[in-house]
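Remarks on the structure that follows.
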Amino acid sequence: MGRRKKVEISDPFNREDSFVTSEGKEITKGDLIKVKGIWGVKFKFLNYVTNPKNGISWVDCIELERGISCAFRSFYPDRVKHIPKKRGQRVKRSSQTP
């Protein structure tokens with residue numbers, strides 16, 4: 001018996017690492033997002049995918065449960081909401097009157 005030949009599989013979809021939401025926020029690979037209609041769950045953005053044959057697009061992401069990835073999910077891009085990044089703590093100044 002001979003060895004099997006390796007077959008390369010081409011991906012028929014166009015995948016992008018970033019996209020702009022309907023709110024005008026840019027989301028890049030690895031950003032945390034929320035999805036409208038799903039309460040209390042955060043997702044990590046992976047790809048923005050477009051099918052060139054019919055023009056349908058969707059967002060691939062990983063569901064996070066307590067910071068641990070647990071499921072692969074896909075949603076339409078109009079359901080995605082951007083989670084703002086936390087700012088650093090501000091230093092409180094005491095107001096003393098002379």
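Restricting the search to the stretch 26-76, which residues are among the aromatic types (Phe, Trp, Tyr) and in contact with a Leu (Cβ under 9 Å, 6 or more places away or on another chain)?
Across the stretch 26-76, the qualifying residues are 43, 45, 72.
What are the residues in the stretch 2-27 that are closer than 16 Å to residue 52 by Cβ, modelled with pLDDT under 90 and of a type in the set (Asp, Glu), if any?
Selection gives 11 alone.
Kindly indicate whether any position in the stretch 30-40 is without any contact (Cβ under 8 Å) to a residue 12 or more places away in the chain, part of a strand (DSSP E or B) and surrounded by 11 or more Cβ atoms within 10 Å (Cβ to Cβ).
No, the conditions are met nowhere in the stretch 30-40.
Looking at the stretch 44-98 only, could you name the residues that are under 20 Å from residue 34 (Cα atoms), loosely packed, with under 12 Cβ neighbours inside 10 Å and of a type outside the set (S, T, N, Q)?
Step one: filter the stretch 44-98 for residues under 20 Å from residue 34 (Cα atoms), giving 44-49, 57-87.
From what's left, loosely packed, with under 12 Cβ neighbours inside 10 Å: 65-68, 70-72, 74, 78, 84-87.
Of everything in the stretch 44-98, those that are under 20 Å from residue 34 (Cα atoms), loosely packed, with under 12 Cβ neighbours inside 10 Å and of a type outside the set (S, T, N, Q) turn out to be 65, 66, 67, 68, 70, 71, 72, 78, 84, 85, 86, 87.
Does residue 86 meet the test of being on the phi < 0 side of the Ramachandran plot and in contact with a strand residue (DSSP E or B) (Cβ under 9 Å, 6 or more places away or on another chain)?
no
Of everything in the stretch 1-28 that's part of a loop (DSSP other than H, G, I, E, B) and among the basic types (Lys, Arg), which residue is nearest to the chain's Cα centre (by Cα)?
The residue in question is 25.
Given the condition in contact with a strand residue (DSSP E or B) (Cβ under 6 Å, 6 or more places away or on another chain), among the aliphatic types (A, V, I, L, M) and without any contact (Cβ under 8 Å) to a residue 60 or more places away in the chain, answer yes or no: does some residue in the stretch 89-96 qualify?
Looking for residues that are in contact with a strand residue (DSSP E or B) (Cβ under 6 Å, 6 or more places away or on another chain), among the aliphatic types (A, V, I, L, M) and without any contact (Cβ under 8 Å) to a residue 60 or more places away in the chain, one finds none in the stretch 89-96, hence no.
The values are calculated or read from the model by the stated rules, or taken from the named source; none is laboratory data. Here the structure is a predicted model, which is why all the values come from computation and not from measurement. Here Cβ is always computed from backbone atoms with ideal geometry, including for glycine, and neighbour counts include all displayed protein chains.
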